[in-house]
1. For Ser133, Ser3, what ranking results if the residue with the fewest other Cβ atoms within 10 Å of its Cβ goes first?
2. Starting with the fewest neighbours, write out Val122, Val27 ranked by other beta-carbon atoms found within 10 Å of each beta-carbon.
3. For the stretch 153-167, take each phi angle, set θ = phi - 60°, evaluate the Karplus expression 6.51 cos²θ - 1.76 cosθ + 1.60, and give the result in whole Hz per residue in order, putting x for glycine and proline.
4. I need the Debye-formula profile for the stretch 123-198: one equal scatterer per C-alpha, no solvent, reported as log10 I(q)/I(0) at q = 0.20 1/Å, two decimals.
5. Around Pro53, under 14 Å between beta carbons, what's the net of Lys plus Arg minus Asp minus Glu among the other residues?
6. Can you give the Kirkwood hydrodynamic radius for the stretch 80-174, in Å, rounded to one decimal and based on Cα pairs?
7. Take the eigenvalues of the Cα gyration tensor for the stretch 128-172, scale each by 5, and report the square roots as semi-axes in whole Å, largest first.
8. In the stretch 166-206, whose amide N lies under 18 Å from the spot 7 Å out along Cα-to-Cβ of Met62? List them in ranges.
Amino acid sequence: MSSLKPQKQAESQWRIQPFDRMQVPVVVFADDELIREMDEQVYQQAANVASLPGIVKASYAMADAHWGYGFPIGGVAAFDPDAGGIISAGGVGFDISCGVRALRTGLTYGQIQGKEKELADVLARRVPAGVGSEGRVKLSPLEMDEMLTGGALWAVEQGYGTRTDLKYIEENGRMPGAEPQYVSDHAKQRQEKEVGTLGSGNHYLEVQR
């Protein structure tokens, strides 16, 4: 397993050179403290990804990387279809549509300095999170289908965002051809109480300066 020990290349950038079946290196983005705490299984899984057909340039692990199902959670890789590149429907797991949103608040650090705990408490009260949490948005079956069809545009029309937000989301937050009739009633019922929640697991809300 010594070959899996990443070597520092630059500030917050580490590398595992190709060995065995790896076609490209593993590149990890993390500071010294995160590297010390990172599970070695992350490196093994990232090396496995680096061994897949058609991988391009490198198998990447982001700063939040941790052990996943196949790829590490927080793993990033691109594959060239002309070089036999793979398509993986469940590389990191089976929950789709996870994403990242960065929002500017208009606040300065000076306005919240010394009030960080108070801000965190307000966010915890306002944003439902955790297993079994319920959101404040209650949808009828028809409204559920409208949400599934409309995506982020539906959310904006309900007052949960601005049209400017849509410009910064892939496909403007709405995939063409959505057909909610093919989503099972069981899946929709499970989602009924979770609209507007943060969920659980590797889902988090943070404030940065």
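Laboratory data are not the source of any read-out in this text; all were calculated from the coordinates shown. These figures come from a predicted structure and were not determined experimentally. Cβ: placed from backbone, ideal geometry, glycine included. Neighbour counts: every protein chain shown.
1. Fewest-to-most ranking of Ser133, Ser3: Ser3, Ser133.
2. Val122, Val27
3. After applying 6.51 cos²θ - 1.76 cosθ + 1.60, I find 4, 4, 4, 5, 5, 8, x, 9, x, 10, 5, 4, 4, 4, 5 Hz.
4. -0.99
5. -1
6. Final number for the Kirkwood radius of the stretch 80-174 is 17.2 Å.
7. Numbers: eigenvalues 86, 42, 19 Å².
Three semi-axes, in Å: 21, 15, 10.
8. 168-173, 198-206
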